[in-house]
Amino acid sequence: MKKVGFIFDLDGVIVDTAGYHYLAWKKLADRLGIPFDEEANERFKGVSRKRCLEILLELGGIQVSQEQFDAWLVEKNEDYLLYINEMDASEILPDVPKVLNYLKDHQIPMALGSASKNARSILEKVQLLPYFEAVVDGNQVSKAKPDPEVFLIAARELGVAPEDCVVFEDAVAGIEAANRAGMTSVGIGDADILGDASYTFTDFTKIDLEFIKDLT
Ligand code: B16
Ligand code: MG
């Protein structure tokens with residue numbers, strides 16, 4: 001039997017931390033007088049923290065020194081962590097454990113592939129860290145999605161060939177990264193937006209375990 005690996009994005013796939021990112025960015029935006037709403041926050045999904053701040057400052061037409069830029073990155077993350085520290089297993093998105101438990105029971109290796117530098121502590125908070133053989137996050141990756149780097153590192157750490165990996169992603173850039181890595185891509189969200197994915201589901205409640213079995 002060929003060895004397959006499953007790779008999961010974090011925000012928007014396993015948990016919905018976008019709301020907490022929004023609250024933390026909104027606080028900074030309000031303080032700087034930059035108009036920022038949930039629609040603008042859509043542009044931040046799957047994007048690195050540094051790139052998010054660059055976009056925010058572009059929205060406000062603000063240019064700052066590297067020192068100030070770095071200080072605001074720290075400030076935003078400290079506010080974000082106040083929310084993350086309150087997270088528990090109740091925040092795992094519906095039916096995600098159904099799929100993770102199936103894979104675990106069948107000894108199919110799993111990895112996380114996320115842009116977040118807080119990924120490991122979020123997994124710990126929601127008690128899912130033991131499920132993952134590899135956690136590849138914003139600390140290890142130098143090229144952001146849509147570059148396939150994050151998923152290629154995850155495949156290497158799992159010891160599985162890229163073409164035998166399946167990626168679950170909610171962001172367009174993440175689907176592109178998975179496709180460029182030569183992996184099977186499963187889009188979680190709107191099929192009209194994630195049209196380049198090999199398969200799409202609105203959420204995990206729509207995923208049948210027969211579908212997972214067929215991919216293994
Ligand atoms: P952090 P994902 C991404 O998570 C978020 O979607 C994105 O909004 C965030 O800016 C990025 O992580 C970095 O997060 O500030 O915690 O390093 O979808 O790649 O799991
Ligand atoms: Mg995501």
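Data overview
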item	result
Tabulated pairs, segment 170-184, first within 13 Å of ligand 2 (Cβ to nearest atom), second of a type in the set (S, T, N, Q), C-beta under 6 angstrom, 6+ apart or interchain	I175/S185; A178/S185
Subset of segment 141-160 [out of contact with any strand residue (DSSP E or B) (no Cβ under 7 Å at 6 or more places or on another chain), aliphatic (A, V, I, L, M) and open to solvent by less than 40 Å² (accessible area, probe 1.4 Å)]	V141
I175, sole failed condition from (1) more than 19 Å from V96 (Cα to Cα); (2) in contact with a strand residue (DSSP E or B) (Cβ under 7 Å, 6 or more places away or on another chain); (3) assigned to a helix (DSSP H, G or I)	(1)
Residue satisfying all of: in segment 1-45; basic (K, R) and closer than 25 Å to A177 by Cα; farthest from ligand 2 (Cβ to nearest atom) among these	K2
Any hit, segment 147-167, residues being within 15 Å of the chain's Cα centre (by Cα) and either modelled with pLDDT under 95 or in a loop (DSSP other than H, G, I, E, B) (or both)	yes
Scan of segment 1-17 for residues that are assigned to a strand (DSSP E or B) and closer than 18 Å to V172 by Cα, ordered by number	I7, F8, D11, V15
Residues located in segment 53-99, provided they are surrounded by 12 or more Cβ atoms within 10 Å (Cβ to Cβ), closer than 21 Å to G189 by Cα and without any contact (Cβ under 8 Å) to a residue 40 or more places away in the chain	P97
Helices (runs of 4 or more DSSP H) completely within segment 18-137 that count 2 or more residues being among the polar types (S, T, N, Q) and more than 11 Å from ligand 1 (Cβ to nearest atom)	66-84
Residue selected from segment 196-214 under the condition among the charged types (D, E, K, R) and farther than 16 Å from V172 by Cβ, by the criterion least open to solvent (accessible area, probe 1.4 Å)	D203
Residue satisfying all of: in segment 171-195; at pLDDT below 95 and not small (G, A, S); least open to solvent (accessible area, probe 1.4 Å) among these	L194
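The values are calculated or read from the model by the stated rules, or taken from the named source; none is laboratory data. Source: prediction; values computed, not measured. With ideal geometry, Cβ positions are generated from the backbone for all residues, glycine too; neighbour counts draw on all protein chains shown. Only protein heavy atoms, including side chains, enter the accessible area calculation; ligands, DNA and RNA are left aside. Shrake-Rupley method; radii C 1.70, N 1.55, O 1.52, S 1.80 Å.
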